[in-house]
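One structure is given below, encoded as structure tokens.
The values are calculated or read from the model by the stated rules, or taken from the named source; none is laboratory data. Note that the structure is a prediction, hence the values are computed from the model and not measured. Here Cβ is always computed from backbone atoms with ideal geometry, including for glycine, and neighbour counts include all displayed protein chains. These area figures cover heavy atoms from the full protein model, side chains too; ligands, DNA and RNA do not enter into them. Shrake-Rupley method; radii C 1.70, N 1.55, O 1.52, S 1.80 Å.
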Amino acid sequence: MAIRQLPAIVVNRIAAGEVVERPAAAVKELVENAIDAGARRIEVTLRDGGASLILVSDDGDGMDAVEVALAVERHCTSKLPDDDLLHIRTLGFRGEALPSIGAVSRLSIVSRKRGAADAFKVAVEGGSKSAVEPAALSQGTRVEVRDLFYATPARLKFLKSVRAERDAAVDAVERLAMAYPSIAFTVVGDEEKPLVRMTAAEPDLAGKSADDIRRARLGAILGRDFADNALAIDAVREGFRLTGFAGLPILNRATARDQYLFVNGRPVRDKLLAGAVRGAYQDVLARDRHPMVVLFLDGPEADIDVNVHPAKAEVRFRDAALVRGLIVGALRNALAAAGHRASTTVAEQALAAARPMVWTQGGAALALNPGFAEAAAPYQAPLAQSPPAARAVEAPAPAATAHPLGAACAQLHETYIVAQTADGLVIVDQHAAHERLVYERMKAEIAATGVKRQILLIPEVVELDPADAARLAARATELAELGLVLEAFGPGAVVVREVPALLGETDVKGLARDLADEVAELGGALSLKERLEEVCGTIACHGSVRAGRRLNQAEMNALLRQMEATPHSGQCNHGRPTYVALSRAEIEKLFGRR
Amino acid sequence: MKLTIERAALLKALGHVQSVVERRNTIPILSNVLLRGADGKLALSATDMDIEMISAVPAQGAKTGGTTVPAHTLYDITRKLPEGAQVLLELGSDKGQMTLRSGRSTFTLACLPAEDYPVMSGSDLAHNFTISAADLKRLIDRTRFAISTEETRYYLNGIYLHAAKSNDVNMLRAVATDGHRLARMELPLPDGAAGMPGVIVPRKAVGELRKLLDEFDQDVAVSLSDTKIRFAFGDSTVLTSKLIDGTFPDYDRVIPTGNDKVLEVECKSFAAAVDRVSTISSEKSRAVKLAIERNSLTLSATSPENGTASEEIEVRYSASPIEIGFNSRYLLDITEQIEGEGAKFVMADAASPTLVRDATDGSALYVLMPMRV
């Protein structure tokens with residue numbers, strides 16, 4: 001067969017395969033256009049999860065008759081005014097979205113340019129364009145996509161359930177909404193009630209800062225838990241500025257789904273973020289738990305290449321190490337500064353668990369509200385017969401309650417310390433708290449003396465592929481600080497000469513391979529540090545006060561004071577909280593006083 | 001099969017074989033011990049597919065035959081029988097059960113057929129020699145502590161036994177290392193061992209062998225091929241083990257020859273001092289530092305949490321001063337092996353292997369890698 005140029009319609013369908021892979025991708029492209037057009041209000045309507053109709057209307061700049069006609073042509077865009085791909089300030093730039101969508105659906109666009117007298121309409125059906133005709137619209141642009149993928153039945157078959165497609169579309173809108181709190185977003189599905197309704201907010205004179213607004217918007221999307229338990233971040237390094245919010249370690253998830261990175265307002269999925277977040281949280285969270293973070297990175301356009309992925313889901317940094325360092329540093333600082341702050345989620349859960357009780361004559365507790373609690377009642381031991389589990393100590397000195405964690409009042413079940421603070425009470429898990437203190441002390445000790453290294457009698461040669469070996473060898477200095485001395489050994493191997501004495505007799509080959517994988521994946525050597533910390537963690541666990549140990553008041557107060565002075569003391573090594581704080585207001589709520 | 005055995009003899013034989021049997025098995029018959037009666041003897045054997053232990057005891061019986069019964073149960077029953085008792089073992093007619101009678105006690109044990117019991121073939125063991133129990137004991141004791149426990153380097157999980165030339169004398173050498181330290185013990189090569197292949201005897205077999213050596217002090221007949229090794233004690237007890245299929249590293253290269261700084265210490269007091277000083281180290285690694293000057297050694301340890309410790313002891317040393325750090329546990333492991341009064345440390349610098357020897361006995365040699373402290 002002879003080589004020939006493909007017709008435009010086929011080219012557009014091929015492009016559509018990359019850019020528009022599912023309704024959510026079309027929604028994303030259209031909403032991005034609306035944002036680039038300076039809209040303040042964006043409304044999205046989805047029918048059947050977007051498969052039969054996607055309607056995006058905005059109040060942005062709009063287009064005149066000529067522009068409307070051009071908009072659906074390939075490689076036509078208003079977004080590269082000086083043809084400079086190195087300084088992209090808009091979300092879009094490829095001029096591909098509309099023609100791609102038009103190639104696989106029935107697309108119609110109605111738009112009225114700001115200040116113009118008339119609106120115009122153009123329609124594209126399976127790639128063939130109609131003439132521009134006058135239409136009616138008050139302002140902005142209204143894009144209607146009907147029967148997406150009707151022209152590519154194969155793709156149609158790959159669509160998931162209506163619900164799954166709808167959720168993906170909502171997710172795409174929410175992602176963009178996180179970055180643009182000053183734009184109002186509405187998403188309406190098949191139901192009457194809108195799926196998403198977010199009002200616009202601007203910094204105002206009433207003292208609402210940009211931070212508060214962002215926090216409110218993130219709260220609306222990720223839940224109030226996040227808004228209440230996130231630490232604001234603001235760090236600058238060499239032209240890059242990182243803002244956003246880092247969730248407290250106790251607010252953790254089983255997957256890394258709730259980690260968002262926006263680069264110059266563009267939502268991206270980046271391995272760099274995953275690695276940096278893991279690095280920053282590594283000693284406050286168990287390895288299989290993931291924190292929630294939302295980070296906005298703004299930097300010089302010239303140092304960020306956004307033109308690497310058709311759907312623009314990935315970016316490339318000219319200096320990835322710098323960005324990684326910035327993220328890790330900023331997150332660590334924020335976490336360290338948060339010190340021993342306990343999550344309010346925990347307190348709320350505790351409140352929910354507490355239930356009013358009435359006492360019957362036999363001394364057995366009965367729940368006031370019947371239901372599941374009633375069934376549980378017979379199994380509850382009659383408290384009157386058991387010795388009092390709490391040991392009260394004398395009333396605390398008033399001065400002591402001024403400390404953040406207050407003055408110890410009692411020890412419950414020889415496991416929990418109850419302390420009175422200036423405003424409320426604190427319950428401390430003595431083992432978790434002390435474990436963290438011992439662990440932090442060991443870490444400080446290692447930092448002060450350096451990691452002791454056992455020199456190997458028989459150096460271990462680890463064969464890797466040449467790229468991995470080179471990457472590991474390049475990080476030899478960093479690894480040596482952690483106690484692992486290695487050097488390149490021919491093109492496809494490294495030779496390990498010294499290992500951290502703390503690890504004892506260890507699987508050197510396995511360690512080196514894990515490290516090589518991590519350096520390639522995440523850009524950092526985490527597992528060595530993690531292994532050292534695991535050993536420290538085990539030692540800390542054995543060396544700390546256990547549950548069941550009776551503490552006197554002086555001991556309890558000493559523990560509280562140490563917790564206040566130790567960084568990260570709000571959670572144990574596995575991300576569980578070490579204490580719960582209940583404010584007076586919350587206690588009053590329990591008793592119906594509020 | 002119908003046999004009568006002295007309880008004491010049965011207990012001793014079972015004691016030998018039952019320790020080979022793992023407590024938990026995925027193959028049921030491996031929990032059992034194989035019993036075979038013939039010619040006025042009862043042969044007991046047990047295996048975990050890597051090691052096979054056979055022990056024979058005299059028995060009076062008419063019919064020959066064999067079966068397998070749960071090893072730990074049989075051992076426990078025998079252990080609890082009164083001293084001096086006679087034990088009657090009788091296999092039922094359907095071979096599914098074995099009855100054990102002693103005095104007024106009767107036990108019925110479930111059996112599995114003897115034909116299904118895995119047996120190690122030992123016909124191809126080409127190299128044979130005899131070694132005294134005392135010599136074998138020394139080969140094991142001096143090197144055993146340095147066997148690696150790290151499973152990924154499986155070829156270090158045992159003692160490397162091989163023939164070598166030392167100053168033109170043929171020697172039988174045992175070597176073990178875990179990558180941090182190395183122990184080497186040698187003895188004049190027994191007759192018949194010349195030409196034997198170098199073999200790695202796995203840790204479990206070393207342990208079982210060492211237990212047997214505590215009870216026997218006659219000569220041990222050793223036969224081996226490049227896949228198996230067999231130790232026979234008289235004609236009653238035989239231990240056969242598979243060997244580790246791997247290449248032991250070329251250890252000669254890590255034994256330093258150019259070291260020139262010779263430190264002589266009184267072994268017992270040195271070990272005691274190391275033990276005392278290391279108390280202060282909080283870490284698992286327990287590093288101690290040796291600062292050596294002319295005829296004086298200062299041991300020290302620091303821990304930011306606990307404080308510091310130091311102790312000075314008198315030594316013989318005339319080379320230039322040196323500071324060197326070691327894992328105290330490794331130092332103690334080695335000094336424990338030295339029977340003579342004095343130990344000799346031969347060093348080069350703080351980052352090179354150090355050679356340790358008994359000042360009077362040259363048969364054992366230890367190499368220890370320093371720690372960076």
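A few remarks follow.
- Per-residue mean of C-beta atoms belonging to partner chains within 10 Å, peptide B:299-306: 2
- Of B:Arg173, A:Arg475, the residue with the largest accessible area leads and the full order is A:Arg475, B:Arg173 (1.4 Å probe).
- Note that chain A shows a convex hull volume over its alpha carbon atoms of 234 Å³ per residue.
- Under the criterion of Cα pairs below 8 Å and six or more residues apart, the relative contact order for chain B equals 12 percent.
- Peptides B:70-77, A:32-39 ranked from most to least packed give A:32-39, B:70-77, packing being the mean of other C-beta atoms within 10 angstrom over each peptide's residues.
- Between the listed residues B:Leu3, B:Ala194, B:Val315, the Cα displaced farthest toward the positive end of the dipole of chain B, a dipole computed from Cβ unit charges relative to the Cα centre, is found at B:Leu3.
- A simple count of charges around A:Glu435, restricted to other residues whose Cβ falls under 12 Å of its Cβ and scoring Lys, Arg +1 and Asp, Glu -1, yields +2.
- For segment B:112-132 versus segment B:1-69, the gap between their alpha-carbon centres in whole angstrom: 15
- Our coupling estimate for segment B:151-162, obtained by passing each phi through the Karplus curve with A = 6.51, B = -1.76, C = 1.60 and θ = phi - 60°, is 5, 5, 9, 4, 6, 9, 7, x, 9, 8, 10, 7 Hz, Gly and Pro reported as x.
- Relative contact order (%) - chain A, alpha-carbon pairs under 8 angstrom, separation at least six: 11
- Formal net charge of residues neighbouring B:Ser320 (Cβ-Cβ distance under 14 Å; K, R +1; D, E -1): -2
- Taking the longest Cα principal axis of chain A as reference, the axis of helix A:210-222 is set at about 90 degrees.
- GNM flexibility winner over chain B from B:Asp358, B:Asp178, B:Asp252 (Cα, springs under 10 Å): B:Asp252
- For A:Ile327, the solvent-accessible surface computed with a 1.4 Å probe is close to 0 Å², ligands and nucleic acids excluded.
- Sorting B:160-167, A:55-62 by average packing, meaning the other beta carbons within 10 Å per residue, from highest down gives A:55-62, B:160-167.
- Average beta-carbon neighbours from other chains, 10 Å sphere, peptide B:322-332: 1
- Of B:Ser102, B:Ser318, the residue with the largest accessible area leads and the full order is B:Ser318, B:Ser102 (1.4 Å probe).
- Reach of B:Lys63 by Cα under 20 Å, taken over aspartates and glutamates that are not fewer than 8 positions away in the same chain: B:Glu6, B:Asp39, B:Glu90, B:Asp94, B:Glu115
- Nearest-20 debye value, segment B:2-116 charge dipole, Cβ charges on Lys, Arg, Asp, Glu: 460
- The value of relative contact order for segment B:127-253, using C-alpha pairs under 8 Å at least six residues apart, is 29 percent.
- Stokes-Einstein diffusion coefficient of segment A:205-337, Kirkwood radius over Cα pairs, 20 °C, 1.002 mPa s, in µm²/s: 142
- Residue-count net charge about B:Leu14 - beta-carbon cut-off 11 Å; Lys, Arg +1, Asp, Glu -1: +2
- Residue-level accessible surface for A:Thr415, protein heavy atoms, 1.4 Å, Å²: 20
- Largest to smallest in accessible area, the residues B:Phe345, B:Phe145 fall in the order B:Phe145, B:Phe345 (1.4 Å probe, all protein chains included).
- Between 0 and 90 degrees, the angle of helix A:430-449 with respect to the longest Cα principal axis of chain A falls at about 80 degrees.
- Cross-link table B:Lys211/B:Lys344; A:Lys452/B:Lys211; A:Lys529/B:Lys289; B:Lys80/B:Lys211; B:Lys204/B:Lys344, entries beyond 28 Å C-alpha to C-alpha: B:Lys211/B:Lys344; A:Lys452/B:Lys211; B:Lys204/B:Lys344
- Result for chain B in a Gaussian network model with C-alpha springs under 10 Å: among B:Ser45, B:Ser300, B:Ser55, the largest mean-square fluctuation is at B:Ser300.
- Estimated [θ] at 222 nm from DSSP helical runs (n ≥ 4, -39500 (n - 2.57)) normalised by residues in the protein assembly as shown, nearest 500: -9000 deg cm²/dmol
- Among B:Arg104, B:Arg36, B:Arg138, residue whose mean-square fluctuation peaks in a GNM of chain B (springs only between Cα atoms under 10 Å): B:Arg104
- Per-residue surface analysis assigns A:Asp147 an accessible area of about 60 Å², computed on protein heavy atoms at 1.4 Å probe radius.
- Folded to 0 to 90 degrees: helix A:271-281 orientation relative to chain A principal axis, Cα: 20
- With every protein chain in place, the protein assembly as shown: carbon and sulfur % of accessible area (1.4 Å): 51
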